[in-house]
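The values are calculated or read from the model by the stated rules, or taken from the named source; none is laboratory data. Predicted, not measured: the structure shown is a model, and the values here were computed from it. Virtual Cβ from ideal backbone geometry, glycine too; neighbours counted across all protein chains shown. Ligands, DNA and RNA are stripped out before the accessible areas are found, and what is left, the full protein with its side chains, is counted by its heavy atoms. Shrake-Rupley method; radii C 1.70, N 1.55, O 1.52, S 1.80 Å.
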Number of protein chains: 2
Amino acid sequence: MESKPVRLVDIARAAGVSLATASQVMNNSGRIADATRQRVLAAAERLDYRPNALARATASGRSRTIGILAENASGAFCMPVLVGTNRTLSRFNLASVLYDAAHSVDLRHSHFRELQARQVDGIVVIGDGADGVSQSISQEFAGPVAYAFGKSSDPADAVFLPDDEQAGRLAAEHLIGLGRTRLVHVSAEAELATVAGRARGFASALAAHGLQPAHEPIHGTFSRESGFYSARRLIDSGAGFDGIFAGNDAIAVGLAAELQASGRRVPDDVAIVGFDNTAGQAGERELFLTSIDPQLAAVGSRAVEWLVAQLDDDQDASSVVPSVECTLVTGRSTVGGLPTPRSLVLEQLLA
Amino acid sequence: MESKPVRLVDIARAAGVSLATASQVMNNSGRIADATRQRVLAAAERLDYRPNALARATASGRSRTIGILAENASGAFCMPVLVGTNRTLSRFNLASVLYDAAHSVDLRHSHFRELQARQVDGIVVIGDGADGVSQSISQEFAGPVAYAFGKSSDPADAVFLPDDEQAGRLAAEHLIGLGRTRLVHVSAEAELATVAGRARGFASALAAHGLQPAHEPIHGTFSRESGFYSARRLIDSGAGFDGIFAGNDAIAVGLAAELQASGRRVPDDVAIVGFDNTAGQAGERELFLTSIDPQLAAVGSRAVEWLVAQLDDDQDASSVVPSVECTLVTGRSTVGGLPTPRSLVLEQLLA
DNA sequence: CTGAAAGCGCTTACAG
DNA sequence: CTGAAAGCGCTTACAG
């Protein structure tokens, strides 16, 4: 079936040139006569030559491999980022070696050493969420390091995240565009950067439209329970409101449940926008929740683009923007429309 | 920060031995005096030596790297398999380079060539489902190839899948254990191997308990819609039934919805078992659906164990079983129990 | 434009 | 038990 692999010498011999010349042709380096080039290329084609990437790497010092350090690959959000990094990596003809720390700091460190041993040209650290902080390894590593979907302990590092402010603006614009004017933001801990960012964007969009929030932002946690509780607070405050931007989908669902339970119809009385697009990501077709999609694959993609720019000197790394634009997907929670009879039944069932 | 990397010669020099001896110590090969060994190890430790894995690989011909070819990494089921392979890979000190074909046959082929160029010691092909068939590459590749969560076009290949028959028995045993005796299997296309396997296991468990199916197996597709439709057929048949094993969770949910809509209570009147444990995998706590978990991470793990056994001559590859046992997770759809007050609220959500 | 030579960092028979 | 030497397959100055 498979015979002994053909090496560069075989090509050189077949083409009647030296090893050095053959190598230069394969790497598009040096000045080579066009005739020679064609001859070598033809030989490589004919013999189905596959350069040994490992030998090439040890000789050249560049492995064309990127190390990926996932804080927690099993996490719900890691996968899309991973898909994005890999897609872009292969667009640049780069390979990746992936290690999953599964939250273990010890593992993390041994993986890092493995990556060094394997001479990776760069590293992308995939965090476990935009509010998570990964221990910076940039100082210990010779090449560039990108942090995707998670911060780094060193503020100087290149961190790639969804654009929370833009997300907040997007949510506000959507609600305002629907004619809602008495808007509220309900989110998680105010100290979190994502929470602050989304709140800032939301507030700025309101201001830009000359609108006052119907209630000051309500802070809880990223959970359904917090949504229940926040809805109660909002109702008890007596404030009038017709639109809510929730910090994430869990909160949004909690809010929706409690508001409906209190007799307020969603979206007729109150329109709700979530964040994460969890249902959409899971492949649901008819969405209940309008939600902001953080474009996680694009985040991974962006991190790799930056890494590549760092590796290629002819590329300008500073042109790569670290914030990735979010998108909005619409569901019945803002634009309304009847659920199909069937999804009605389903939703009662699965809630 | 980081100085020039320390090489094996540095260790040899520091320990006052030859390069060959140092190498042997690092690889636990040859007979080395204990004193010498200690001296070398100490030097390596002191200088924080990290062997260059690439050089080691080109010299030895073994890269200690496994190639992973994913048919479709974005698929809902690929992730758990991937996590399993990687976990086990790192247990054996192996690295992996991952390529995602995203269903493209062309990509698939160029990725395969990349893997060859990178001198991987083995390959695991991650399919897009137990009924999917991947083009076999075993004949074109020099090392071992494992197919995880997907079949291969060559029946001689090593294929790792969840044990569908056992899953079927598990579902039946669970329902019977709950006192249900009029059982039915509702699944997808009868031609599919997974469907046939689950059906076989289910039927055999019934037989073992001296039970007749309450209705012949109903075949449709792996979708909610098929669940609706099958429920109708079942009801219209006039057959009495108190337990259903559904081919997957989508069907199960469809069944449950239609049965509830027709006035039958789940699980009081009809208990339902699904397959995939989608909600559980998504991290839901209080499950509506009792479901069979295909243990996808274990499938990936098993494939790697086999691969490793093939690579190490001293291991017995034939001891690795290609079928992975499924587990059953219980939800309200069979064991009942009230949803918590909170999920009750949620259920009112869209009522 | 092309080739002979040294080198990347390691491993592996083979003598001794 | 240890070392000198050749080798893995490739790249990269350096002459010419």
Checklist entry - What is chain B's relative contact order, in percent, from Cα pairs under 8 angstrom and six or more apart in sequence? => result 15 percent
Next on the checklist: Let me cross-check B:W306: its accessible surface, 1.4 Å probe, with only protein heavy atoms counted, in Å² to the nearest 10?
Outcome noted: 40 Å²
Checklist outcome for this item: So, over other residues within a Cβ distance under 14 Å of B:Q38, counting Lys, Arg +1 and Asp, Glu -1, the net charge is +1
Item to check | Selection from B:T88, A:A252, A:V17 lying farthest towards where the dipole of the protein assembly as shown points positive, charges on Cβ | outcome: A:V17
Checklist outcome for this item: Residue by residue through the stretch A:82-94, the couplings from Karplus 6.51 cos²θ - 1.76 cosθ + 1.60 with θ = phi - 60°, in Hz, x for Gly and Pro, are 4, 4, x, 4, 5, 4, 5, 4, 6, 4, 9, 6, 10
Item to check | Angle in degrees between helix B:164-177 and the longest Cα principal axis of chain B, rounded to the nearest 10 | outcome: 50 degrees
Checklist entry - Amide H to amide H under 5 Å from B:T221: which residues, 5+ apart in sequence or cross-chain, H placed 1.01 Å off N in plane? => result B:S226
Next on the checklist: If each label sits 7 angstrom from Cα along the C-beta direction, how far apart, in nm, is B:A35 from its counterparts in the other copies?
Outcome noted: 6.7
Item to check | Estimated FRET transfer efficiency (A:S153, A:T327; beta-carbon r; R0 30 Å; 0.05) | outcome: 0.50
Next on the checklist: What does the structure give for A:64-76 when I average, per residue, the other chain Cβ atoms found within 10 Å of the residue Cβ?
Outcome noted: 3
Checklist entry - Using a Gaussian network for chain B with springs between C-alpha atoms less than 10 Å apart, which of these wobbles most: B:R50, B:R108, B:R118? => result B:R50
Checklist entry - Rounded, prolate or oblate: which fits the protein assembly as shown, taking a ≥ b ≥ c as square roots of the Cα gyration tensor eigenvalues, rounded meaning a/c under 1.5, else prolate when a/b beats b/c? => result oblate
Checklist entry - Based only on the alpha carbon positions, what is the Kirkwood hydrodynamic radius of the stretch A:206-266, in angstrom? => result 11.8 Å
Next on the checklist: Rounded to the nearest 10 Å², what accessible area does A:L287 have for a 1.4 Å probe in the complete protein model?
Outcome noted: 30 Å²
Checklist entry - How many Cβ atoms of partner chains, on average, are near each residue of A:322-331 if near means within 10 Å of its Cβ? => result 0
Item to check | Descending Cα extents along the principal axes, the stretch A:114-230, whole Å | outcome: 58, 30, 20
Item to check | Loop trypsin sites (Lys or Arg not before Pro), the stretch B:249-308 (other Cβ atoms within 10 Å of the site Cβ: 15 or fewer; DSSP) | outcome: B:R265, B:R285
Next on the checklist: So if the hydrodynamic radius of the stretch B:90-137 is defined as the Kirkwood radius over C-alpha pairs, what does Stokes-Einstein give as its diffusion coefficient at 10 °C and 1.306 mPa s, in µm² per second?
Outcome noted: 132 µm²/s
Item to check | For B:A207, inter-copy label distances in nm, listed shortest first [label point 7 Å out on the Cα-Cβ vector] | outcome: 7.5
Item to check | Cα pair distances exceeding 17 angstrom across the stretch A:63-182, given as percent | outcome: 58 percent
Item to check | Evaluated over chain A, the Cα radius of gyration and Dmax, each in Å | outcome: 26.2, 88
Item to check | Rh by Kirkwood over Cα pairs, then Stokes-Einstein D for the stretch A:6-50 at 1.567 mPa s and 4 °C, µm²/s | outcome: 131 µm²/s
Next on the checklist: I need the chymotrypsin sites (Phe, Trp or Tyr not before Pro) found in the stretch A:39-146, filtered to DSSP loop residues with at most 16 other beta carbons within 10 Å of theirs.
Outcome noted: A:F92
Checklist entry - When chain A is treated as a GNM, springs tying every alpha-carbon pair under 10 Å, which of A:N28, A:N52, A:N248 comes out with the largest mean-square fluctuation? => result A:N28
Checklist outcome for this item: Sorted by chain and then number, the residues having a modelled amide H within less than 5 Å of the amide H of B:I126, at least 5 places away or on another chain, are B:L69, B:A70, B:E71, B:A148
Checklist entry - Can you give the FRET efficiency for A:R62 and A:R113, using 1/(1 + (r/R0)^6), R0 = 25 Å, r = Cβ-Cβ distance, to the nearest 0.05? => result 0.80
Checklist outcome for this item: Descending accessible area (1.4 Å probe), largest on the left, turns B:E325, A:E71, B:E284, B:E45 into B:E45, B:E325, B:E284, A:E71
Checklist entry - Which distances, shortest first and in nm, link A:G132 to the matching position in the other copies, using label points set 7 Å out along Cα to C-beta? => result 2.5
Next on the checklist: Give the average over all directions of the projected area of the C-alpha convex hull of the stretch B:177-220, one decimal, in nm².
Outcome noted: 3.0 nm²
Next on the checklist: Give me, ordered by chain and number, the residues 5 or more places off B:T327 or on other chains with an amide H under 5 Å from its own placed amide H.
Outcome noted: B:D293, B:Q295
Item to check | With all protein chains modelled, accessible area of A:H109 [1.4 Å, Å²] | outcome: 100 Å²
Checklist outcome for this item: The answer for the net charge of residues other than A:L8 whose Cβ lies under 11 angstrom from its Cβ, with Lys and Arg +1 and Asp and Glu -1, is +3
Checklist entry - Just in the stretch B:167-272: which GluC sites (Glu not before Pro) are loop by DSSP and have at most 16 other Cβ atoms within 10 Å? => result B:E189, B:E191
Item to check | Listed residues B:S226, B:S90, B:S23, most fluctuating in chain B (Gaussian network, C-alpha, under 10 Å) | outcome: B:S23
Item to check | Centre separation in Å (Cα based) which lies between the stretch B:1-46 and the stretch B:246-261 | outcome: 64 Å
Next on the checklist: For B:K4, B:K151, give me the order by solvent-accessible area with a 1.4 Å probe, most accessible first, ignoring ligands, DNA and RNA.
Outcome noted: B:K4, B:K151
Checklist entry - How would B:L328, A:L115 line up by accessible area, probe 1.4 Å, largest first? => result B:L328, A:L115
Next on the checklist: Give me the inter-chain shielding for A:41-53: mean count of other chain Cβ atoms within 10 Å, whole number please.
Outcome noted: 2
